[in-house]
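Derivation of every value follows stated rules applied to the coordinates shown; laboratory data play no part. As the structure is a computational prediction, the values presented were derived from the model and not from experiment. Neighbour counts run over all protein chains shown; Cβ positions are idealised from the backbone, glycine included.
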There are 2 protein chains.
Amino acid sequence: MAETFGQRLQERIRAMGPLCVGIDPSSALVGAWGRPDTVEGLEFMSLAVLEASITAAAAIKPQVAYFERFGSAGYRVLERLIGDAHDADVLVIADAKRGDIGATNDAYARAWLDEASPLCSDAVTVSPYTGVGALTPFFERATRGRGVFVLAATSNDEGRDVQRARTDADEAVEDLVLRSVAQINRRDEGLGSLGVVLGATRDRPRFDLTMLQGPYLVPGVGAQGATPEQVGRLFDRCPEGTVLVNVARAILEAGPERSALRDAVNRWRDNLTSFL
Amino acid sequence: MAETFGQRLQERIRAMGPLCVGIDPSSALVGAWGRPDTVEGLEFMSLAVLEASITAAAAIKPQVAYFERFGSAGYRVLERLIGDAHDADVLVIADAKRGDIGATNDAYARAWLDEASPLCSDAVTVSPYTGVGALTPFFERATRGRGVFVLAATSNDEGRDVQRARTDADEAVEDLVLRSVAQINRRDEGLGSLGVVLGATRDRPRFDLTMLQGPYLVPGVGAQGATPEQVGRLFDRCPEGTVLVNVARAILEAGPERSALRDAVNRWRDNLTSFL
């Protein structure tokens with residue numbers, strides 16, 4: 001039987017540690033690297049961060065918005081980054097937070113998870129405002145080792161109103177997402193194709209985090225304030241290799257110098273590994 | 001004082017009627033038009049629908065997913081469509097349903113609302129799962145005639161769990177979105193820059209729809225089952241020119257023949273105009 005995304009990611013985390021390097025080539029960071037805020041600056045930063053990540057990160061997570069701001073030219077850079085990462089055997093999680101209804105989601109799933117697409121990544125993040133059921137086209141295409149991370153609880157305070165709102169069954173929306181994803185993961189033996197995004201800055205949800213049967217993608221560490229220790233506590237009883245921690249700004253601020261960047265990646269990997 | 005997006009759209013609806021033509025070049029529809037499912041097929045359908053819409057639609061709404069599935073090459077087609085629509089003086093609402101947190105939303109807002117971007121549209125749809133407050137960068141860039149439509153209640157059944165969940169203040173999430181958008185629109189005199197997406201297939205929310213001080217973008221009519229009469233009832237006391245009704249599949253199914261396509265557009269415009 002083919003491996004699921006959860007299994008592939010688990011192997012990678014066991015081999016490399018739990019660090020996911022966030023590639024966020026924002027106007028501010030590209031500027032701080034002394035590069036012009038153009039597609040050339042975007043490409044320079046993206047490929048440099050990929051290179052520094054190859055030997056120490058389980059995955060990279062390009063933030064699609066920073067590529068989309070340059071339109072099709074920015075997407076060409078993203079396509080190159082994804083291709084280079086595949087060649088270097090680094091997992092790519094496209095942080096796109098897509099989410100619509102019906103056939104539209106199938107088109108988004110084709111964009112990010114179908115091998116015929118130049119944007120095809122190992123996994124994509126999706127947003128459940130239109131309902132977890134509406135995301136079915138993503139779940140159906142998350143096979144043959146590809147995966148999906150559904151937003152459950154994001155790392156920002158403003159998200160709580162919606163994510164903690166209570167459904168007719170008196171369940172918090174974030175718990176509904178976690179429970180629904182866990183349910184679909186039962187289609188696979190062992191770890192399944194579906195993960196969730198759960199901010200490290202958030203309190204523990206009511207859902208028992210050991211029951212997801214899939215991976216967690218954890219933002220909020222580093223520049224956003226959460227520590228590796230907090231992440232370790234939040235996921236303390238989860239199976240080994242199921243927690244992937246994203247660090248972006250705190251690494252990118254090391255600047256373009258190759259050894260400084262590589263040191264920052266390695267330092268974060270070691271730091272996270274001691275708590276996860 | 002510069003016109004807001006709400007004011008621009010209202011003028012357009014008064015002059016042209018309340019029809020927004022949805023440009024959804026899905027694999028199925030491009031195939032039904034007898035074209036290959038390639039960027040050439042995508043471009044052919046998109047530009048043909050634009051041409052048929054120029055004299056009878058207030059706006060077009062390209063569904064970004066269908067362009068994104070071809071990566072940067074699909075985005076080049078979308079850029080051409082947006083440019084041609086601007087030249088033809090047709091408003092463009094990019095149906096992207098973007099939504100993230102913090103600085104990432106500013107990058108998305110730059111992609112879709114900043115004149116320097118090749119994707120710059122008149123308005124963009126956004127998703128509030130990360131909280132309405134997180135969308136502030138979009139609201140800040142929605143000036144000088146550009147606008148944002150925030151998802152409140154989508155036209156699909158699966159959305160109700162999340163959108164009808166109740167916040168700590170015992171308010172439905174969809175009402176929270178409507179109320180928050182109305183509040184921000186008060187920064188402008190008259191109609192403001194912010195609209196909401198409210199599916200025609202949904203029951204009336206508790207929020208008094210006449211109080212939005214901004215436009216409604218209404219999907220769900222035609223192939224999804226709602227009738228123009230239902231839309232008329234749902235928005236019966238709203239100011240003239242504030243309700244924009246999207247019709248996609250029911251028009252695109254007319255096929256590529258120029259006069260058939262134009263007839264379908266005109267028929268829907270007339271049909272909607274008699275109820276709105």
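Some values worked out for this structure:
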item	result
Neighbour net charge for A:Asp161 - beta-carbon separation under 13 angstrom, K R +1, D E -1	-3
Amide H partners (placed H, <5 Å) of A:Gly147, local residues excluded	A:Ala123, A:Val124
Environment charge at A:Ser259 (Cβ cut-off 14 Å; Lys +1, Arg +1, Asp -1, Glu -1)	0
Net charge, B:Glu115 excluded, C-beta distance under 14 Å - Lys, Arg +1, Asp, Glu -1	+2
Where labels lie 7 Å past Cα in the beta-carbon direction, separation of B:Gln183 and A:Ser27 in nm	2.7
Span per principal axis, largest first, for the Cα atoms of the stretch B:148-200 (Å)	35, 25, 13
Chain A: most fluctuating residue of A:Gly255, A:Gly34, A:Gly214 per GNM, C-alpha cutoff 10 Å	A:Gly34
Computed lengthening from B:Ala2 to B:Glu40, 0.36 nm per intervening residue step minus Cα-Cα distance	9.8 nm
Descending semi-axes in whole angstrom, ellipsoid equivalent of the protein assembly as shown, from the Cα gyration tensor	38, 25, 22
Size of charge dipole - the protein assembly as shown - debye, nearest 20, with Cβ of Lys, Arg +1 and Asp, Glu -1, no other charges	320
Fewest-first ranking of A:Thr125, A:Thr136, B:Thr242, A:Thr38, using other Cβ atoms within 10 Å as the exposure measure	A:Thr38, A:Thr136, B:Thr242, A:Thr125
Modelled FRET efficiency - R0 56 Å, A:Ala116 with B:Arg204, Cβ distances, 0.05 increments	0.85
Nearest-first distances (nm) between copies at B:Gly31, label 7 Å from Cα via Cβ	4.8
The stretch A:212-274 versus the stretch B:217-274: alpha-carbon centroid distance in Å	49
Residue with peak Gaussian network fluctuation, chain B [Cα springs, cutoff 10 Å], from B:Thr167, B:Thr104, B:Thr201	B:Thr167
Semi-axis lengths, Å, the stretch B:50-184, gyration tensor of Cα atoms, sqrt of 5 times eigenvalues	28, 16, 15
Ellipticity estimate at 222 nm from DSSP helix runs (n ≥ 4, -39,500 (n - 2.57)) divided over the protein assembly as shown, nearest 500	-12500 deg cm²/dmol
Within straight-line cross-link reach of B:Lys61, lysines at Cα separation under 16 Å, skipping those fewer than 8 residues along the same chain	B:Lys97
Over chain B, relative contact order from alpha-carbon pairs under 8 Å, at least 6 apart, %	23
Extension gain (nm, one decimal) between B:Arg267 and B:Thr136, 0.36 nm per residue minus Cα-Cα	43.3 nm
Area projected by the alpha carbon convex hull of the stretch B:79-152, averaged over all directions, nm²	4.5
Rounded FRET efficiency, nearest 0.05, which uses the C-beta distance separating B:Arg80 from B:Arg14 and R0 of 41 Å	0.90
Estimated D of chain A in µm² per second, where Rh is the Kirkwood radius over Cα pairs and Stokes-Einstein applies at 4 °C, 1.567 mPa s	70
Over the stretch B:212-276, volume per residue of the alpha carbon convex hull, in Å³	78
Position A:Glu140, label points 7 Å along Cα→Cβ, spacing to each other copy in nm (shortest first, one decimal)	4.1
Label geometry 7 Å along the beta-carbon vector: B:Thr227 inter-copy distances in nm	6.5
Most positive-pole-ward Cα, A:Ala96, A:Ile60, A:Tyr75, against dipole of the stretch A:56-166 from beta carbon charges	A:Ala96
